[in-house]
Amino acid sequence: MAHALIVGAGVVGLAIARALASKGHEVIVVEAANVVGGGVSSRNSGVIHAGLYYPTGSLRHRLCVDGRRALYAFAESHGVAHRRLGKLIVATEPGEEAKLEALLANGIANGVDGLVALAGAEARRLEPALSCAAAVLSPQTGIIDAHGLMLALRGEIEDRGGAVALTTPALGAERAGEGWRVRFGGAEPGAVDVDFLVVAAGLRAQAFVAAIEGLEPGSIPPLILAKGSYFVYSGGAPFGRLIYPAPVDGGLGVHVTLDLAGRMRFGPDVEWIDEENYLVAEERRAAFAERIRRYWPELPAERLGPDYAGIRPKLTGPGAPAADFRVSGPADHGLSGLVCLFGIESPGLTASLSLGDLAASLLE
């Protein structure tokens with residue numbers, strides 16, 4: 001049995017702690033904030049992705065497809081609210097039908113089951129308010145209560161003797177024999193010696209890893225911030241499924257997302273930023289309305305209101321291909337008992353349980 005410390009109590013950090021605790025290890029998760037999952041984990045669309053967007057064979061592909069199946073099973077067995085709504089990815093402009101064909105082929109290569117190509121009229125029979133020339137139906141896509149998921153993961157950790165320490169910022173780490181001495185702040189600052197150290201700190205991952213003695217700076221990728229704003233719709237949702245446009249640079253486009261109460265939001269867009277900020281600017285409404293009307297011409301724009309924003313911890317910037325998840329273990333950086341996760345953006349929520357299993361396997 002080993003002692004493990006996980007930095008970051010987002011959905012991925014909690015999933016890693018659960019995986020290690022299930023193998024009999026003693027785990028503690030430290031989190032700088034006073035809540036679990038207050039960062040990237042709670043500032044997203046809450047979507048369970050099917051796995052059709054990602055390069056075949058990439059970590060994002062494999063962990064999304066496996067993670068999606070595991071996540072639906074976990075939600076069923078643990079009473080986490082979720083719904084397999086299905087999703088339509090739509091072509092509304094010249095050239096986008098070719099994008100859909102490529103997406104469909106990629107999804108089939110990735111082993112995503114149930115994908116169907118639809119003509120515009122077929123898509124409109126499913127969603128009468130929709131306007132499109134063609135669509136791809138992804139029946140395996142769904143939504144989940146991300147907060148409920150994290151509560152369930154935390155419950156399993158604590159049931160197995162683990163702990164989650166909030167308002168406990170990790171400050172740095174150094175070698176302690178074959179393990180690690182991790183320094184932390186908070187109301188009662190100190191240090192703890194552990195066998196395994198896992199960094200799953202989202203937007204803070206690079207900063208903390210830079211404070212690990214003995215780790216080569218060249219093993220730390222850059223952090224690129226891509227802000228995504230959401231607007232909420234005040235009124236009944238005209239769609240029963242998620243509606244996505246063809247993908248855009250840096251994201252999946254301003255799409256229709258539904259929560260478990262049936263409320264409809266639109267987002268996220270992509271705004272490349274240099275510093276963290278979560279303000280949703282009212283003046284972005286016009287650009288949102290223009291994009292939404294490509295697939296929902298009847299949108300009453302006055303019913304759109306600023307909601308919330310999230311920031312994706314990207315590893316590549318504008319115009320560059322999206323980077324794969326980076327899960328660096330001892331074989332990558334040469335330091336035993338250490339795993340560092342970088343660039344865990346979408347589909348990180350969907351892939352969380354698989355990411356937990358992968359990180360645990362790299363330590364063992």
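Quick note: the coordinates plus some simple rules give every number you see, no bench work behind them. The structure presented is a predicted model; accordingly, all values stated were derived computationally and were not measured. Note that we place each Cβ from the backbone using ideal geometry, even for glycine, and neighbour counts take in every protein chain shown.
Take every Cα pair under 8 Å whose residues are at least 6 apart in sequence, average their separation, divide by the length of segment 1-96, and the relative contact order is 19 percent. Taking other C-beta atoms within 10 Å as the exposure proxy, Cys64, Cys132 rank Cys132, Cys64 from fewest upward.
Where a ≥ b ≥ c are the square roots of the eigenvalues of the C-alpha gyration tensor, would you call segment 49-106 rounded, which needs a/c under 1.5, or, failing that, prolate if a/b is larger than b/c, or oblate? Here segment 49-106 falls in the oblate category.
Mean sequence separation of contacting Cα pairs (under 8 Å, at least six apart), scaled by the length of segment 160-300, corresponds to a relative contact order of 16 percent. Compute the relative contact order of the chain as a whole-number percentage, counting only Cα pairs closer than 8 Å that sit 6 or more residues apart in sequence. Relative contact order comes out at 24 percent.
Backbone geometry of segment 213-229 corresponds, through the Karplus equation with coefficients 6.51, -1.76 and 1.60 at θ = phi - 60°, to 3J(HN,Hα) couplings of 5, x, 8, 5, x, x, 8, 9, x, x, 10, 10, 9, 10, 7, x, 9 Hz, x marking Gly and Pro.
Taking the number of Cβ atoms within 10 Å of each Cβ as an exposure proxy, the fewest-first ranking of Arg62, Arg68 is Arg62, Arg68. Helix 59-78 and the longest principal axis of the C-alpha atoms of the chain enclose an angle of approximately 90°. Electrostatic tally near Glu213: other residues with Cβ closer than 10 Å to its Cβ, Lys and Arg +1, Asp and Glu -1, net +1. Relative to the longest principal axis of the Cα atoms of the chain, the long axis of helix 11-22 makes an angle of roughly 50 degrees. Partners of Lys227 within straight-line reach, counting aspartates and glutamates whose Cα lies under 16 Å from its Cα and excluding those fewer than 8 residues away in the same chain: Asp249, Asp269, Glu271, Asp274, Glu275, Glu276, Glu282, Glu283, Asp307, Glu345. When His255, His147 are arranged by Cβ crowding within 10 Å, least crowded first, meaning fewest neighbours, the order is His147, His255. Find out how many positive minus negative residues lie around Leu258, taking Lys and Arg as positive, Asp and Glu as negative, among other residues whose Cβ is under 9 Å from that of Leu258. Charge balance near Leu258 sits at +3.
Along segment 351-364 the Karplus relation, 6.51 cos²θ - 1.76 cosθ + 1.60 evaluated at θ = phi - 60°, assigns HN-Hα couplings of 8, 4, 5, 5, 4, x, 5, 5, 4, 4, 5, 5, 7, 9 Hz to successive residues, with x for each Gly and Pro. Relative to the longest principal axis of the Cα atoms of the chain, helix 96-109 runs at roughly 50 degrees. Applying both filters, DSSP loop and at most 14 other Cβ atoms within 10 Å, to the trypsin sites (Lys or Arg not before Pro) of segment 240-338 gives Arg293. In order along segment 285-294, the phi-based Karplus estimate (6.51 cos²θ - 1.76 cosθ + 1.60, θ = phi - 60°) of 3J(HN,Hα) comes to 4, 4, 5, 4, 4, 4, 5, 5, 5, 5 Hz; Gly and Pro are listed as x.
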